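One structure below.
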Amino acid sequence: MLIKIQSETPKFKCNACGSCCSHIRGIIPKEDREFLKEHAFGKMPVVQLVPVEQMTFPLWDWEAKRFMEWQNEAGVDANIKPLRAIMDLNSNKAIILTYFMDGETDACPFLKGSKCLIYHTKRAYVCRLFPFNRGPFLSHQGMTLKEELFGECGAMEHILPQVPDNFNEMIKFLNDAFPDGSFINAVQNDMVIEWANRAIVGLVRKKIIKPAMNHPYNFLLKRIENAEKIGFTDFLVESGCLSKEEMKNLIERFDDNTDANEKIRQFISL
Ligand code: SF4
Ligand code: SF4
């Protein structure tokens, strides 16, 4: 009698070494670093406000608001500052898309020993998606190598060699192999990036904003520094693009990974 041996998908298990939270300064994938250096210093509507080497994980504006509260509860000073902004010449406001934690060391200010002081909260996408750098959908058209999906993580050794090359098989595999939710968080974060990009293009097309572009970078930086600042999602509400309730519901949808679940389900059912 033939016995069919079913190969089990290996499961990722974070061993809580804390390494991904202990070096967060300047740690960004090589291709993102090159893109930022080429485009993000005044050539595009969204302007990077600090050198790539100084930046740490980007926090969406609503995540940064939560981190500002949690830092008080946790008794830490995360020194949260704007990371990327649009200088809007219509409203004369600097619209802050993302923030970052500019702590004293290159470790996350919320890391104590190898423990995260706010692990019990939703934290930020960037905390919840590791060991992923990104999900596979945004990069699919550009045929990003599967290795580029992941950051440096010792617990990935037995998973990485088994990730299938076939795209549909890879999605199914990743969905099974990451019961910690990191895969789904990576997919949702990419979808939030896409949403933000579409929202910015929509604002420009409808002439709701007029981003300052192609000015000397230092001039742009000074102008942003001196301008009144507003978070991106608050701006969407203030400019009447979304009601407060709609924005709240959208953030809940992001938090629940609703879009990512729907997207992945399409592949699982194939
Ligand atoms: S995700 Fe990887 S690097 Fe981060 S704490 Fe877990 S095992 Fe360590
Ligand atoms: S908030 Fe917690 S999980 Fe996120 S980077 Fe800091 S220590 Fe790591």
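The values are calculated or read from the model by the stated rules, or taken from the named source; none is laboratory data. Remember, it's a predicted structure, so these values are computed and weren't measured experimentally. In this analysis, Cβ positions are derived from the backbone assuming ideal geometry, glycine residues included, and neighbour counts consider all displayed protein chains. Surface accessibility is based on the protein's heavy atoms, side chains included, excluding ligands, DNA and RNA. Shrake-Rupley method; radii C 1.70, N 1.55, O 1.52, S 1.80 Å.
Checking VAL237 against (1) farther than 30 Å from HIS158 by Cα; (2) of a type in the set (Val, Ile, Thr); (3) surrounded by fewer than 17 Cβ atoms within 10 Å (Cβ to Cβ): exactly one of these is not met. Which one? With respect to (1) farther than 30 Å from HIS158 by Cα; (2) of a type in the set (Val, Ile, Thr); (3) surrounded by fewer than 17 Cβ atoms within 10 Å (Cβ to Cβ), VAL237 is out only on (3). Report, by residue number, each residue of region 59-90 that is under 20 Å from GLY202 (Cβ atoms) and open to solvent by less than 10 Å² (accessible area, probe 1.4 Å). Residues satisfying the conditions are ASP61, ALA85, ILE86, MET87, ASP88.
Residue-wise test of (1) more than 16 Å from ligand 2 (Cβ to nearest atom); (2) over 28 Å from TRP70 (Cβ atoms); (3) in contact with a helix residue (DSSP H, G or I) (Cβ under 6 Å, 6 or more places away or on another chain); (4) among the aromatic types (Phe, Trp, Tyr).
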position: ILE118; (1), (2), (3), (4): no, no, yes, no
position: ARG128; (1), (2), (3), (4): no, no, yes, no
position: PRO131; (1), (2), (3), (4): no, no, yes, no
position: GLU148; (1), (2), (3), (4): yes, yes, no, no
position: VAL163; (1), (2), (3), (4): yes, yes, yes, no
position: ASN166; (1), (2), (3), (4): yes, yes, no, no
position: PHE173; (1), (2), (3), (4): yes, yes, no, yes
position: ASN197; (1), (2), (3), (4): yes, no, no, no
position: ARG205; (1), (2), (3), (4): yes, yes, no, no
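More than 22 Å from the chain's Cα centre (by Cα) and of a type in the set (Ser, Thr, Tyr) - does that describe any residue in region 221-238? No - not one qualifying residue is present in region 221-238.
Of the set (1) on the phi > 0 side of the Ramachandran plot; (2) open to solvent by less than 70 Å² (accessible area, probe 1.4 Å), all apply to ASN214 but (2). Out of GLU228, GLU262, GLU245, GLU252, one residue alone is touching a residue at least 12 places away in the same chain (Cβ under 8 Å) and surrounded by fewer than 16 Cβ atoms within 10 Å (Cβ to Cβ). It is GLU228.
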